[in-house]
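So the structure is just underneath, and the comments pick up after that.
The values are calculated or read from the model by the stated rules, or taken from the named source; none is laboratory data. Remember, predicted model here, so these are calculated numbers, not experimental data. Don't worry about glycine lacking a Cβ; one is built from the backbone with ideal geometry, like all the others, and counts go over all protein chains shown. We work out accessible area using only protein heavy atoms, side chains counted, and drop any ligands, DNA or RNA first. Shrake-Rupley method; radii C 1.70, N 1.55, O 1.52, S 1.80 Å.
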Amino acid sequence: MDLGSILYLGVTFGLFVIFAAIVIRTYSRKNRDKNETAKYRMLDDD
Amino acid sequence: MEKPQYNTDIVKSFVHWSVLWGLVAVLVGVIVSIQMTNPEMNFPPYLTFGRLRPIHTNAGIFGWGVGVIFATFFYIVQRLCKVRLWSDKLAKFQLYFFNTTITASAVTLILGFTTSKEYHEMEWPIDLMIIILWVTFAINIIMTIIKRKEEQMYISLWYMLAAIVGVAILFLVNSAAVPVSFFKSYSAFAGTNDANVQWWFGHNAVAMVLTAPPLAMFYYFLPKSTGVPIYSHKISIISFWSLIFMYLWTGAHHLLWTPVPDWIQTLAMAFSIMLIAPSWGSVINGYLSMKGQWHQMRENYLVKFLILGITFYGLQTLQGPMQSIRSFSAFIHFTDWVPAHIHMGTMGWVSMVCFASIYFLVPRIYGKELYSIRLANLHFWLALTGQLLWSISLWIAGVLQAGMWNAMNPDGSLTYTFMETMVEMYPYWWVRTIGGTLFMLGVIVFIYNLFKTAHNGEKTASLAATAEGRA
């Protein structure tokens, strides 16, 4: 495996970790309800 | 909290111009479809299929599509952020520059100046104009979001930001070229690299112009039209991020069976299949948002456009990944199946959502009720019938074409000559022209309805407040 391949795999893995972190954060107990407030707020009178 | 005074004039101007460019796009589309059935309708050198086809695609994607993006984003961003647009002057400059750029594109394309890169045909001076235009737009939207008074960002804002950043990166990279004169340049990339960059751009132009912005509009205008919130903001967020992670790897599925390295093709194929998940995340979120509200499909013309739009998005995002599979691609690539697929996306998904958005906006920017809901319903059926005739006829044509191309005699020679396969296409091309004409009639009804709303619509106090920027 050359340096380019390692870099490629590293970037892919890094992106996966970021994505996993976003999923965990979105569904965490702390943010679960907070994340839904925007959909009600947007319906408020402008 | 003190109510901000929103800028409505700029939304109105972009609505006018995008609708005009939309009419140009469908009119030229019908003309080029007639040129296929009647080659004698080509008038060289300017009015030939080769010159007019890129005008049709660019007027459609950049004049109509991007024009509606400008109009709706300026409307949405102010309301979701609860602040006025960051700079009215910049927006005004953007309006004039947008029309100058689209006009310059049309003129140079009809004169035959082209890079020959699909969806990126304009030569380098116009590329520079497009970059200035996009940076202007990006600054205004990003600055408005930065100074927002709403803490949490609604999903539409995420899609808007993705579109802004995505288009900037794609366009800059694919624009890299060496100019040799004012009207001629050569790509900075060579061979398969050039092809790979071009289709990385080409397919992601679909992502960042024809997917992310219509989703931003859908997520905003569906709840505003039904009066009930979307089913899940969390699902929309996860769909968004997975879409963003996956989309940018899929471009090489346009290059299956080419000298591009096999692993890149396989990677693109795999990511294209994976893309079904985030796409359908939005589709299912849209359908579940209609829980208990399905009666609105009968009663609310806006919902009709939006739900049919998201349905076509769902179909499009199933068909697209199927086409990216090597064996299926080998069968249908270069056939009429492919334009049928694209037009389900542009006429079915993108335009349906754009029509709904403009129908939502026009009463609010003029302060008047829509002139005729019956005409809006007529428009809906013309658009739907036209789109279905267009796509179904060419799917059948594509399968027939592929079958004929692949047919072999026992001795290994081809059963049909290329000309024989072409002759078989004529009935389907005629149906396509009829479909396109119906769609164009729908657009004319749409424009008439908007015009009458502006001039004869009934004034109401609540809509007038929105029109004056007070709501």
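Can you tell me which residue is most open to solvent (accessible area, probe 1.4 Å) among those in segment B:103-117 that are outside any loop (DSSP other than H, G, I, E, B) and among the polar types (S, T, N, Q)?
My answer is B:Thr103.
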Next on the checklist: Against the definition (facing another protein chain (nearest Cβ under 7 Å), of a type in the set (Lys, Arg) and at negative phi), how does A:Arg25 come out, yes or no?
Outcome noted: no
Item to check | Lone qualifier among B:Asn38, B:Asn42, B:Asn7 - being more than 18 Å from B:Trp430 (Cβ to Cβ), open to solvent by less than 70 Å² (accessible area, probe 1.4 Å) and of a type in the set (S, T, N, Q) | outcome: B:Asn7
Checklist entry - List, please: which pairs have Cβ atoms under 8 Å, are six or more places apart or on different chains, and start with a residue in segment A:14-39 that is among the aromatic types (Phe, Trp, Tyr) and end with one that is part of a helix (DSSP H, G or I) and open to solvent by less than 100 Å² (accessible area, probe 1.4 Å)? => result A:Phe19/B:Trp241; A:Phe19/B:Ser242; A:Phe19/B:Phe245; A:Tyr27/B:Lys234
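Residue-by-condition table, conditions (1) in a helix (DSSP H, G or I); (2) within 14 Å of chain A (Cβ to nearest Cβ); (3) farther than 22 Å from B:Ile237 by Cα; (4) open to solvent by less than 10 Å² (accessible area, probe 1.4 Å):
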| position | (1), (2), (3), (4) |
| --- | --- |
| B:Trp134 | yes, no, yes, no |
| B:Ile139 | yes, no, yes, no |
| B:Ile142 | yes, no, no, no |
| B:Lys149 | no, yes, no, no |
| B:Leu157 | yes, yes, no, yes |
| B:Ala163 | yes, no, no, yes |
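This table checks each residue for (1) over 22 Å from B:Ala207 (Cβ atoms); (2) among the charged types (D, E, K, R); (3) surrounded by 19 or more Cβ atoms within 10 Å (Cβ to Cβ); (4) away from every other protein chain (no Cβ under 14 Å).
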| site | (1), (2), (3), (4) |
| --- | --- |
| B:Thr226 | yes, no, yes, no |
| B:Asn285 | no, no, yes, no |
| B:His295 | yes, no, no, yes |
| B:Leu306 | no, no, yes, yes |
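Any residue that is within 14 Å of chain A (Cβ to nearest Cβ) and without any contact (Cβ under 8 Å) to a residue 24 or more places away in the chain - is there at least one of those in segment B:168-189?
Checking segment B:168-189: not a single residue is within 14 Å of chain A (Cβ to nearest Cβ) and without any contact (Cβ under 8 Å) to a residue 24 or more places away in the chain.
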Checklist entry - Among the helices (runs of 4 or more DSSP H) contained in segment B:344-459, which hold 1 or more residues that are in contact with a Phe, Trp or Tyr (Cβ under 7 Å, 6 or more places away or on another chain) and without any contact (Cβ under 8 Å) to a residue 24 or more places away in the chain? => result B:373-406, B:418-456
Checklist outcome for this item: Per the list (1) more than 7 Å from chain B (Cβ to nearest Cβ); (2) open to solvent by 50 Å² or more (accessible area, probe 1.4 Å), residue check on A:Gly10 breaks on (2)
Checklist entry - Hey, among B:Gly435, B:Gly469, B:Gly403, which residue is farther than 28 Å from B:His56 by Cα and open to solvent by less than 20 Å² (accessible area, probe 1.4 Å)? => result B:Gly469
